[in-house]
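The values are calculated or read from the model by the stated rules, or taken from the named source; none is laboratory data. The structure presented is a predicted model; accordingly, all values stated were derived computationally and were not measured. Using ideal geometry, Cβ is built from the backbone for each residue, glycine included, and neighbour counts are taken over all protein chains shown.
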Amino acid sequence: MARKDLLDLVSLDREEIDLILDQAVPFKELFTRSVKKVPALKGKSVLMLFYEPSTRTHSSFEVAAKRLSADVTSFDVFQSSIVKGESVRETIETLQAMRTDYIVVRHGRSGLPGMIAGMTKASVINAGDGSHAHPTQGLLDAFTLKEIYPDLTGKKVLIVGDILHSRVARSTSTVLKRLGAQVAYLGPGSLVPKAGPDNIKRFTDYDEAMKWGPEVVYLLRVQMERQDVQYFPSLREYHKVYGVTTERLKQIDDRGIYLMHPGPVNRGVELCDAALDYSRSLINRQVENGIAVRMAVLYSLKPGGEGKIEGGA
Ligand code: CP
């Protein structure tokens, strides 16, 4: 793959997606060996630039880069000169001077990783930007589902919750559709954007959505931090209407449906406690696969190019 950056999944074609997912398979096999490292990125440097909190993405990128033998630096935004008002442009100029090869960036502002990519020769990987995209989450979700269903053609995945604010919903539905799956959204009308030209069914009623016959139910985290207005009456009400309650978990089990969630889970909101121990929950497997997929992404990108510093941020 001759690509410098990974900013979203819309711009990846099927061949590029297949290459990354295929490459993640041997990387995952490494995890069972006593030596889990390969020298693929020896001498390269990876910088983690997270302006928003993260557990899974940050730690799995760090582990992924170390397993490829890269040198990893975690830039602590809150201990940096950013708190003194240094702009993103100045920060990237400084990092460029350190000749970093890869920058993994998470930011609350949609489009910011793309802007950084235009400023630096380093490969920029979007680790989640605002409500725009979370491409490595989409790829690890696709990888996880392909372990269950090697051919995703026609498989039905119901994504439930706060679609409006969710970069995960955008990236995961993009890659799953590209791989031939059918995707539907379920959530309160206030959190599910109106039907667009994307062949995605929209449901506001849980029972109607289950009649559609999904093989997978993918619960999104309710993102209180991105909600500037109240989109539903209460979290308790949300759980009753859209969450996997104890009663619904039994129906999900009877139908052999798989459960997914990008984490972190709001217990008692998206999922009841018992759902976390459900035998067809793929949540822990998503986390494990995140390392292999992020190794494949780092391995596939090609740092270099123009990297002009221009514009402000
Ligand atoms: N899924 C995900 O992005 O989780 P983190 O916020 O913990 O990275």
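Go through the residues of the stretch 274-287 one by one and say whether even a single one is under 30 Å from Ile92 (Cα atoms) and either of a type in the set (Phe, Trp, Tyr) or modelled with pLDDT of 95 or more (or both). Within the stretch 274-287, one or more residues are under 30 Å from Ile92 (Cα atoms) and either of a type in the set (Phe, Trp, Tyr) or modelled with pLDDT of 95 or more (or both).
So which residues in the stretch 98-113 are within 17 Å of Lys44 (Cβ to Cβ) and either part of a loop (DSSP other than H, G, I, E, B) or not β-branched (Val, Ile, Thr) (or both), if there are any at all? Answer for the stretch 98-113, where residues must be within 17 Å of Lys44 (Cβ to Cβ) and either part of a loop (DSSP other than H, G, I, E, B) or not β-branched (Val, Ile, Thr) (or both): Met98, Arg99, Thr100, Asp101, Tyr102. Annotation note: of Pro214, Pro188, the sole residue that is of a type outside the set (Asp, Glu) and at pLDDT below 95 is Pro188. Restricting the stretch 46-65 to residues that are free of Cβ contacts under 8 Å to residues at least 24 places away in the same chain and not in a loop (DSSP other than H, G, I, E, B) leaves a set whose member that is nearest to the ligand (Cβ to nearest atom) is Ser59.
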